Amino acid sequence: MADVKVGDKRDQVVIERVTRTHIVKYAGTSGDYNPLHHDDEFAQKAGYPSVFAHGMLSMGLTGRMLTDWFGAVALRKYGVRFTKQVFPGEQLTAHGEVTAIAEENGEKRAVVHVWTTNSAGETVVDGEAVAAV
């Protein structure tokens with residue numbers, strides 16, 4: 001990874017189609033049983049068209065692009081904000097762009113703007129990561 005430079009980009013489909021099963025499995029794994037994620041009637045009463053994925057599921061899928069790019073042990077920091085709900089049936093594509101290269105604690109690191117878009121091209125996750133390169 002020593003040849004990473006500012007402006008390098010990566011785009012990766014991280015899930016072809018989010019399903020209700022993905023959402024329910026994530027709920028079980030995380031222990032987050034908020035009915036917005038599994039009960040259509042509850043979600044609709046709250047103003048949503050249906051249940052939607054946990055933000056942390058979207059973040060984890062986005063992280064897959066980063067670990068595929070830099071390797072799992074290279075990540076030093078990773079943070080995002082959730083900008084839009086992810087509904088069943090959507091494809092998610094993660095994007096990254098190196099915005100800076102710096103040295104910290106004697107280690108060369110890439111700062112990466114990271115975002116994920118849904119099937120309509122809308123940003124659902126937006127954030128930043130730092131990886132050793």
Note to self: Given Cβ point charges of +1 (Lys, Arg) and -1 (Asp, Glu) and nothing else, what value in debye, to the nearest 20, does the dipole of the chain about its Cα centre take?
What the structure shows: 100
Check: What nm distance separates the two modelled labels at GLN44 and GLU103, each placed 7 Å from Cα along Cα→Cβ?
Finding: 6.1
Next item on the list: Take ARG64, project a point 7 Å from its Cα along the Cβ direction, then tell me which residues of the stretch 13-54 have their backbone nitrogen under 13 Å from it.
Entry: 13-19, 22-23, 26
Notebook entry, point to check: Roughly what would the spin-label model give for MET56 and VAL6, points 7 Å off Cα along C-beta, in nm?
Noted result: 3.6
Item checked: Tilt relative to the chain, helix 55-70 - C-alpha long axis, 0 to 90 degrees, to 10 -> 30
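Could you put MET56, MET65 in order, starting from the residue whose Cβ has the fewest other Cβ atoms within 10 Å?
Sorted ascending by nearby Cβ count, the order is MET56, MET65.
Can you give the local net charge around GLN12? Use residues other than it whose beta-carbon is closer than 10 angstrom to its beta-carbon, Lys and Arg +1, Asp and Glu -1.
Numbers: positive: ARG10, ARG64; negative: ASP11, ASP68.
Cβ neighbours under 10 Å give a net charge of 0.
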Next item on the list: Show which aspartates and glutamates lie in cross-link reach of LYS9 when reach means a straight Cα distance below 19 angstrom and same-chain residues fewer than eight apart are skipped.
Entry: ASP68, GLU97, GLU122, ASP126, GLU128
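From Cα pairs below 8 angstrom and at least 6 apart in sequence, can you work out the relative contact order of the chain, rounded to a whole percent?
Details: 274 pairs, mean separation 40.3, N = 133.
Relative contact order, the chain: 30 percent.
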Next item on the list: Rounded to whole Hz and in sequence order, give me ³J(HN,Hα) for the stretch 92-98 from the Karplus expression 6.51 cos²θ - 1.76 cosθ + 1.60, θ = phi - 60°, writing x for Gly and Pro.
Entry: 10, 10, 8, 10, x, 9, 6
Next item on the list: Could you work out the local net charge near GLY121, counting Lys and Arg as +1, Asp and Glu as -1, over the other residues with Cβ closer than 15 Å to its Cβ?
Entry: -3
Item checked: Option label - P(r) over Cα pairs in 10 Å bins from 0, in percent computed here, alternatives (1) 12, 41, 36, 11, 0; (2) 9, 29, 37, 21, 4; (3) 13, 40, 28, 14, 4, 0 -> (3)
Checklist line | For the stretch 115-124, Karplus couplings with θ = phi - 60° (6.51, -1.76, 1.60), whole Hz, Gly/Pro x | finding: 8, 10, 10, 8, 4, 8, x, 7, 6, 10
Note to self: Give me the net charge for the shell around ARG81: Cβ to Cβ below 12 angstrom, other residues only, Lys and Arg +1, Asp and Glu -1.
What the structure shows: -1
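Each value in this text was obtained by applying a stated rule to the coordinates, not by laboratory testing. These numbers were taken from a predicted model, which means no experiment stands behind them. Cβ coordinates were reconstructed from backbone atoms using ideal geometry, including for glycine residues, and neighbour counts include every protein chain displayed.
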